[in-house]
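Participant: First, the structure itself, so that you have it in front of you.
The values are calculated or read from the model by the stated rules, or taken from the named source; none is laboratory data. The shown structure was predicted, so the numbers you read here are calculated from the model rather than taken from an experiment. Cβ coordinates were reconstructed from backbone atoms using ideal geometry, including for glycine residues, and neighbour counts include every protein chain displayed. Just so you know, the surface numbers come from the protein's heavy atoms only, side chains and all, with ligands and any DNA or RNA stripped out. Shrake-Rupley method; radii C 1.70, N 1.55, O 1.52, S 1.80 Å.
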Amino acid sequence: VRTALASSLNVPAVRVAAMLSPDTVFEGFNRAGLRLGETAGFHGHALALGSADVTLLDLTNAYRMLAQQGLLSPVRWQAANEQRGTATRRVLPDTVAWQVADMLADPAARASTFGLDSPLVTRGFAAVKTGTSKDLRDNWCVGFTSRYTVGVWVGNASGAPMQAVSGVTGAAPVWR
């Protein structure tokens, strides 16, 4: 599981989604704040591979939920002491959020896909994940440290495919 998640292996992701059911995956993503527009049946098992359109802000905030030990809160645009009504809700048990973060921060687990010297390797702790659309239209990289959660999108505004640019070669260097 560690290697499959950290290395972005598609077959294990689809197998897990099939075991859980598209409805369960869909509901989990919505609980994490992704606000999916279509139904679970529309996406089927491809939902595990990122077939749903989500905003970079929602995706980054979902990763921030992992960084906050499973607590989802609204996006903050100002210092915490200046905000009102920042209600949080538990999406995952803190131990589960920690396990996922630990897997995403494991350079040895991602080495089979990305190598030991990629833009995903940092000096300290950083949990990070990339994604690439099936037609290389765009890609993203989202990750967090103990202090920051950062999401990066790379693509053509026109939606035209890029030439051989994946999440690790496009968005990850910017994220790093």
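Participant: Between the alpha-carbon centers of region 90-133 and region 51-80, tell me the distance in whole angstrom.
Facilitator: Value for the Cα centre distance between the two parts: 16 Å.
Participant: Would you mind finding the longest exposed-site-free stretch of the chain, with exposed chymotrypsin sites (Phe, Trp or Tyr not before Pro) meaning DSSP loop and at most 11 other Cβ atoms within 10 Å?
Facilitator: My reading of the result: 1-76 is the longest stretch.
Participant: Keeping all protein chains in place, calculate the accessible area per residue for the chain (probe 1.4 angstrom), answer in Å².
Facilitator: 59
Participant: I would also like to ask the following. Sorting VAL16, VAL121 by accessible area (1.4 Å probe), largest first, what list results?
Facilitator: Listed by decreasing accessible area, they come as VAL16, VAL121.
Participant: Short version: ³J(HN,Hα) in whole Hz for each residue of region 162-176, in order, from phi by Karplus 6.51 cos²θ - 1.76 cosθ + 1.60 (θ = phi - 60°), x for Gly and Pro, what are they?
Facilitator: Taking θ as phi minus 60°, the curve returns 8, 8, 6, 10, 10, x, 7, 9, x, 7, 4, x, 5, 4, 4 Hz for region 162-176.
Participant: On to the next question. Pick from SER73, SER133, SER146 the residue whose mean-square fluctuation is largest in a GNM of the chain, springs joining Cα atoms under 10 Å.
Facilitator: SER146
Participant: Sticking with this structure for a sec: Before rounding to the nearest 500, sum -39500 (n - 2.57) across all DSSP H runs of length at least 4 in the chain and divide by the residue total; then give [θ] at 222 nm in deg cm²/dmol.
Facilitator: -10000 deg cm²/dmol
Participant: Counting other Cβ atoms within 10 Å, keep those with at most 14, restrict to DSSP loop, and tell me which GluC sites (Glu not before Pro) in region 1-85 are left.
Facilitator: GLU38
Participant: Right, another one. So how do SER166, SER112, SER118 rank on accessible area, 1.4 Å probe, biggest first, that is with the largest at the start?
Facilitator: Greatest to least solvent exposure: SER112, SER166, SER118.
Participant: Under 8 Å for C-alpha pairs, at least 6 residues apart: give me the relative contact order for the chain, rounded to a whole percent.
Facilitator: 20
Participant: Another question, then. Using every Cα-Cα pair within region 45-162, state what percent have a distance larger than 17 Å.
Facilitator: The calculated P(r) of region 45-162 puts 63 percent of pairs beyond 17 Å.
Participant: Also, quick follow-up: Once neighbouring chains are kept in place and the probe is 1.4 Å, which whole percent of the accessible area of region 78-176 is contributed by carbon and sulfur?
Facilitator: Answer for region 78-176 is 53 percent, counting heavy atoms of protein chains only.
Participant: Right, another one. Give a quick list of trypsin sites (Lys or Arg not before Pro) in region 1-65 that DSSP marks as loop, anything other than H, G, I, E or B, with at most 15 other Cβ atoms within 10 Å.
Facilitator: ARG35
Participant: In sequence order, what are the phi-derived ³J(HN,Hα) couplings for region 129-134 according to the Karplus relation 6.51 cos²θ - 1.76 cosθ + 1.60 with θ = phi - 60°, rounded to whole Hz, with x for glycine and proline?
Facilitator: Those phi angles translate into 9, 10, x, 9, 5, 4 Hz.
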